[in-house]
Amino acid sequence: MGFYESVARPLLFRLDPETAHGAAMSIIASGLAGAREFQSPLLEQELFGKRFPNPLGLAAGFDKNAVAVPQWRRLGFGFIEVGTVTPRPQPGNPRPRLFRLPADKALINRMGFNSDGAEAVASRLRAARAGIPVGVNLGKTKATPLEQAPEDYRESFRLLRSLGDYFVVNVSSPNTPGLRQLQEKGPLLEILAAIREIDATPPLFVKIAPDLEWDALDEVLEVAREARLTGLIATNTTLGRDGLSADPGEAGGLSGAPLRAKSNSVLRHIAECAPELILVGVGGIMSSDDLYEKIALGAHLAQIYTGWIYGGPGSAAALLVGLAARMAREGAQSLQEIRGSALAASVRGT
């Protein structure tokens, strides 16, 4: 057991989760977390004109306000996604709003898009040198009526469009009232059109919920094709409580190990139905085998959040070491060789 598991994590877990998160972010932003990079030519790839040194990114929600952007490469990540960013600052939901479930290696959050606002995030990104691709995750403010949501996304994108390597429309958080209604075809197309009126060139993704019915998910795929999206991020947190040893009775989105199966089923469906899309797999990555599975199910990239909290600052590099080692054992020379291999196996019935 390493220092993080034996000393640092027990100390941090004595604190309220949000207080611990703030302390961790201060340490990371200062550069005191230490460098834990891992590089391998097996893991490098170019997607939508951007070079990714490895396929593992930090999911949106961790560095919401872009305060530690220059540090994430040093901690092993191949890309970083900041946000969710709202056009104006907002405090989010009342505390407590973040809950650990250590027995299940899970979290429940109902943060509610607490954000310093697009102008503050833009200022920090201008000053940052990430050294890896940076995605910007966009959301609407709680006070904005759903019918005016396109204006919120447009305004944030206007302020940030030159500062991100790709952009994500977040309409799948369960913690902003009514937001998931914007995943429906009509509202979603309006949001995407509003963004594209400003600039149609940056790569554009939509982050989807794991709780969609299959018909609703297929409607999202129709939108992706009609709007010529670069890809989809699958998935956000779930409102379900399957896989927990006990339901803590807290509202909010569940992430971590219990989300893996549901997230993977959505990822598989998208990869089978829309092989032309760039896919980012999120949900339940706790080991290098979990990371491998996302890629084998069709993901071009993957992201972690909860797994990093439980695994600590060295866990991104450890996951990549394990992924590269497995690829080497199997004789794979690139990520492309393993991508979608689980889909092919399912078709063969093996």
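Selection over the stretch 272-302 of residues that are buried (at least 23 other Cβ atoms within 10 Å of the Cβ), hydrophobic (A, V, I, L, M, F, W, C) and closer than 15 Å to LYS207 by Cα gives a count of 6.
Only one of the numbered conditions (1) closer than 27 Å to GLU250 by Cβ; (2) β-branched (Val, Ile, Thr); (3) not in a loop (DSSP other than H, G, I, E, B) is violated by VAL121, and that is (1).
For the stretch 143-159, the tally of residues that are among the hydrophobic types (A, V, I, L, M, F, W, C) and buried (at least 17 other Cβ atoms within 10 Å of the Cβ) stands at 3.
Conditions tested, residue by residue: (1) surrounded by fewer than 20 Cβ atoms within 10 Å (Cβ to Cβ); (2) modelled with pLDDT of 95 or more; (3) under 17 Å from the mean Cα position of the chain (by Cα); (4) within 15 Å of LYS294 (Cβ to Cβ).
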| position | (1), (2), (3), (4) |
| --- | --- |
| GLY240 | yes, yes, no, no |
| LEU244 | yes, yes, no, no |
| PRO258 | no, yes, yes, no |
| ASN264 | no, yes, yes, yes |
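Filter the stretch 11-46 down to residues that are closer than 30 Å to GLN336 by Cβ, in a helix (DSSP H, G or I) and in contact (Cβ under 8 Å) with a residue 12 or more places away in the chain, then give me how many there are. Summing the residues that are closer than 30 Å to GLN336 by Cβ, in a helix (DSSP H, G or I) and in contact (Cβ under 8 Å) with a residue 12 or more places away in the chain in the stretch 11-46 gives 2. Looking only at the stretch 275-307, residues that are touching a strand residue (DSSP E or B) at 6+ places or on another chain (Cβ under 8 Å) and either modelled with pLDDT under 95 or not in a helix (DSSP H, G or I) (or both) come to 19 in all. With respect to (1) crowded, with 17+ Cβ neighbours inside 10 Å; (2) free of Cβ contacts under 8 Å to residues at least 60 places away in the same chain; (3) on the phi < 0 side of the Ramachandran plot, the lone exception for GLY117 is condition (3). Residues that are polar (S, T, N, Q), touching a residue at least 12 places away in the same chain (Cβ under 8 Å) and surrounded by fewer than 16 Cβ atoms within 10 Å (Cβ to Cβ) do not occur anywhere in the stretch 48-57. Checked against (1) farther than 23 Å from GLY284 by Cα; (2) touching a helix residue (DSSP H, G or I) at 6+ places or on another chain (Cβ under 6 Å), GLY76 meets all criteria but (1). Restricting attention to the stretch 211-260, the residues being part of a loop (DSSP other than H, G, I, E, B) and of a type outside the set (A, V, I, L, M, F, W, C) number 17.
Screening the stretch 195-226 for residues that are under 16 Å from the mean Cα position of the chain (by Cα) and within 20 Å of LEU47 (Cα to Cα) and picking the one that is surrounded by the fewest Cβ atoms within 10 Å (Cβ to Cβ) gives PRO203. Can you find a residue in the stretch 81-97 that is under 19 Å from ALA316 (Cβ atoms), acidic (Asp, Glu) and part of a strand (DSSP E or B)? So far as the stretch 81-97 goes, yes, one or more of its residues are under 19 Å from ALA316 (Cβ atoms), acidic (Asp, Glu) and part of a strand (DSSP E or B). In the condition set (1) charged (D, E, K, R); (2) over 21 Å from the mean Cα position of the chain (by Cα); (3) buried (at least 22 other Cβ atoms within 10 Å of the Cβ), LYS140 is compliant with all but (2). In summary, ASN175 fulfils each of the numbered conditions (1) modelled with pLDDT under 95; (2) within 15 Å of PHE205 (Cβ to Cβ) with the single exception of condition (2). From the list ALA120, ALA128, ALA143, the lone residue that is over 26 Å from GLY31 (Cα atoms) and out of contact with any Ser or Thr (no Cβ under 6 Å at 6 or more places or on another chain) is ALA143.
The set of residues in the stretch 247-271 that are without any contact (Cβ under 8 Å) to a residue 24 or more places away in the chain and among the aliphatic types (A, V, I, L, M) contains only ALA261. Contact map, the stretch 134-156: first residue within 16 Å of THR84 (Cβ to Cβ) and touching a residue at least 24 places away in the same chain (Cβ under 8 Å), second residue of a type in the set (Ser, Thr, Tyr) and in a strand (DSSP E or B), Cβ cut-off under 6 Å, separation 6 or more or different chains; pairs are GLY135/TYR166; ASN137/THR84; GLY139/THR84.
Tell me, yes or no, whether the stretch 166-183 has at least one residue that is buried (at least 16 other Cβ atoms within 10 Å of the Cβ), more than 19 Å from the chain's Cα centre (by Cα), of a type in the set (Lys, Arg) and part of a helix (DSSP H, G or I).
no
In this entry, ALA106 is excluded by the filter for residues that are within 28 Å of ALA200 (Cβ to Cβ) and touching a residue at least 12 places away in the same chain (Cβ under 8 Å). Whenever a residue of the stretch 295-309 is touching a residue at least 12 places away in the same chain (Cβ under 8 Å), its partners that are charged (D, E, K, R), lying with C-beta atoms within less than 6 angstrom and at least six residues away or across chains, give the pairs ILE295/ARG339; LEU297/ARG268; ALA302/LYS294.
The values are calculated or read from the model by the stated rules, or taken from the named source; none is laboratory data. Because the structure is a prediction, the values reported are computed rather than measured. Ideal geometry is used to build each Cβ from the backbone, glycine not excepted, and the neighbour counts take in all protein chains shown.
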